[in-house]
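The values are calculated or read from the model by the stated rules, or taken from the named source; none is laboratory data. Quick caveat: nothing in here was measured; it's all calculated off a predicted structure. Here Cβ is always computed from backbone atoms with ideal geometry, including for glycine, and neighbour counts include all displayed protein chains.
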């Protein structure tokens, strides 16, 4: 009996130890890299984390798979040091502007100027690709119905079922704004789908129109067609890291390290990396590491 | 069939580390919330047995908290505490209160009045009665409340995945986001295992620390106190 009681106390102490260990882990990183809840974000976040760990020898805590609107709030509270974002999102969704057709450089310049003033955050150099919202359909259905651009959908709003992710259904640079800008909406309300489910749902005919992210590798592989945004509703969405100014000050080499990726990732590459994870089921960290090694950016020979 | 085991083996090799990490975080969320809940709820439940009118009110409040959909409760903690483990733990803590408060309260309330009368007749003060008679007799019911709360906690803690709290819930959400069923199981099965494990540990603990004279199992020796 005595033995059993002692053993029990040991088990409880072990559980408490596990709890404490995992509870205080967040405090033990030097930098926190965040990412939203889709594959590309995790891949980019991993690239940043691995570069930092390798070149700056700092400990990085990763917080990936965050709901889309959380990172901007968390980074302002200091819960994140940096995360990857897109200029269009910063311009319209976060800063609340309405896109009026300005060229990408202007949108980037705007957020680059305003973020430090508003948030004490900085946009680093563009990574080299854009990941935009789009309206996308099965290529064969689009051909059948003669739909090439978004305006063409107006004649078919009664016959098509849309499926959008929750953020798109809520944002001004998403469905609500689109409806205002183009002047039509779908007769049957769009279904709400998780980002990762949209592409397959479209391919298999469960829905007809989705808000595909333009760098998703599945657009090509599943034979989907991105509709032309003829009325220039969607802003440019150039990808770049958003970083806290105090992190940049504390670690002077951080800026230069992350900017090593500037201009190195083109759309095709990002699509390929996304596809490797989404359909080939590879791990984000492996895919990210491979890319960095190929680019000669990791000094050591991997871990 | 062997393709299945092969697949399972390689899946575990790749994801094993992630799963263990998530499990550890889950243990943290659950135990932090349960620890605080027990420390608050048991005394409150006991005190309520002495509070003639406040008891109904407090039990009512705690009951209402439980009716809030757990997802909403977790979400509401985010503006207050930021996204992360704290929000999840706060929500879990609130959710764990009712079973424990209620069971502590009814555990004492349902004791045969003859027993408490006898104790009073023997000259025990109200406090002595509480600690030496009522509390020991209520242990089984209180522990039942603790066990219920713990199992609920493990389940609700999966919602932490939505607010950046980590834990097994994160695996489940990734699985949902990416339509990867394997990940959903990778999160759900360990959660079930954890709930069962904690429930078992608590029941063993209860048994070990119940005085021999009070145990109900057959053949309990009539050993001295």
>> So in the range B:150-209, with the set limited to residues that are touching a strand residue (DSSP E or B) at 6+ places or on another chain (Cβ under 8 Å), crowded, with 20+ Cβ neighbours inside 10 Å and in a helix (DSSP H, G or I), which one is modelled with the highest pLDDT?
In response: B:170
> Being within 10 Å of chain B (Cβ to nearest Cβ) and either at pLDDT 90 or above or in contact with a strand residue (DSSP E or B) (Cβ under 9 Å, 6 or more places away or on another chain) (or both), is that true of even one residue in the range A:47-55?
Replying inline: no
> For the range A:10-23, what are the residues that are over 36 Å from the mean Cα position of the chain (by Cα) and surrounded by 12 or more Cβ atoms within 10 Å (Cβ to Cβ)?
Replying inline: A:11, A:12
> Name the residues in the range B:29-54 that are under 15 Å from the mean Cα position of the chain (by Cα) and either assigned to a loop (DSSP other than H, G, I, E, B) or surrounded by fewer than 19 Cβ atoms within 10 Å (Cβ to Cβ) (or both), would you?
Replying inline: B:35, B:36, B:39, B:40
> Which one is farthest from the other protein chains (Cβ to nearest Cβ), of the residues in the range A:192-228 that are under 18 Å from the mean Cα position of the chain (by Cα) and part of a helix (DSSP H, G or I)?
Replying inline: A:219
>> If residue A:43 satisfies all but one of (1) more than 10 Å from chain B (Cβ to nearest Cβ); (2) modelled with pLDDT under 90, what's the number of the condition it fails?
In response: (2)
> So which residues in the range A:44-80 are over 25 Å from residue A:274 (Cβ atoms), assigned to a helix (DSSP H, G or I) and without any contact (Cβ under 8 Å) to a residue 24 or more places away in the chain?
Replying inline: A:73
> What number of residues within the range B:14-28 are more than 9 Å from chain A (Cβ to nearest Cβ) and at pLDDT below 80?
Replying inline: 0
>> Against the condition touching a strand residue (DSSP E or B) at 6+ places or on another chain (Cβ under 8 Å) and under 30 Å from residue A:266 (Cα atoms), how does residue A:129 come out, does it pass?
In response: yes
> Do you know which of the residues in the range A:260-303 that are at pLDDT 90 or above and outside any helix (DSSP H, G or I) is surrounded by the fewest Cβ atoms within 10 Å (Cβ to Cβ)?
Replying inline: A:296
